[in-house]
Amino acid sequence: MITGIKISKVEAKRDKDDEVAGLNINIGIDAVNVKGGEVSIAFNYVASYMEGVGELRMNGTVMSKEEAKFAKEISDTWEKSKKLPDSYAELVLNAVNYACGTNGTLVVRAINLAPPIVPPRIQLGPQGKQ
């Protein structure tokens with residue numbers, strides 16, 4: 001269960017006054033730290049406004065409390081493949097997407113960019129299938 005999200009760094013820039021042709025959102029997991037049932041996940045979030053118009057970058061940490069057995073599975077999966085278990089990854093990615101999308105709206109307003117609209121829920125399927 002996710003207990004909190006802490007955003008530690010925010011950077012927004014506008015490179016051109018052109019119209020925004022689209023928006024790409026990329027969420028990356030940088031590190032996973034597990035101590036007992038406490039899980040800490042360092043993330044980065046990048047919203048790129050297409051055609052080089054601008055960019056929003058955010059870094060932070062997702063905090064979670066899990067049963068010891070599941071926390072160990074999270075740790076083992078991360079150590080082996082630098083991935084999170086699929087069901088847990090969906091939860092984490094959606095939480096990051098929501099937190100950064102909503103907080104990012106206020107940040108990009110100052111530089112006159114459209115809000116990074118929160119896309120639909122992310123669902124992971126079998127690799128190679130859409």
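Computed from the coordinates by the stated procedures, all read-outs in this text should not be read as laboratory data. Bear in mind the structure is a predicted one, so any value in this text is a computation, not a measurement. All Cβ positions, even for glycine, are placed from backbone atoms using ideal geometry, and neighbour counts span all protein chains on display.
Quick notes on this structure:
- Sites matching GluC sites (Glu not before Pro) across segment 15-106 that sit in DSSP coil, with at most 14 neighbouring C-beta atoms within 10 Å: E19, E51, E67
- Spatially close Lys pairs in the chain, defined by Cα atoms under 26 Å apart and a spacing of eight or more places or different chains, total 28.
- Toward the positive end of the charge dipole of the chain, with +1 on the Cβ of Lys and Arg and -1 on the Cβ of Asp and Glu, the farthest Cα among T77, N24, V96 is that of T77.
- For segment 1-58: rounded, prolate or oblate by the Cα gyration tensor [a/c cutoff 1.5]: prolate
- Sum of side-chain charges, G28 neighbourhood, beta-carbon under 14 Å (Lys, Arg +1; Asp, Glu -1): +3
- DSSP bridge pairs, the chain: antiparallel proportion in percent, nearest 5: 100
- A value for Rg and Dmax of the Cα atoms in Å was derived from the coordinates, and within the list (i) 16.0, 51; (ii) 14.3, 39; (iii) 16.6, 59 it appears as (i).
- Evaluated with a Cβ-only charge set (Lys, Arg +1; Asp, Glu -1), the chain carries a dipole of roughly 260 debye about its Cα centre, given to the nearest 20.
- Environment charge of W78, counting only residues whose C-beta is closer than 12 Å and scoring Lys/Arg +1, Asp/Glu -1: 0
- The angle between the Cα long axis of helix 68-81 and the longest principal axis of the Cα atoms of the chain comes to about 60 degrees, rounded to the nearest 10.
- Using the Cβ of A42 as centre and a radius below 13 Å, the other residues enclosed give a net charge of +2, where K and R count +1 and D and E count -1.
- Mean separation of Cα contacts under 8 Å, 6 or more apart, over the residue count of the chain: relative contact order %: 25
- Angle between the chain longest axis and helix 86-109 axis [Cα atoms, degrees, rounded to 10]: 30
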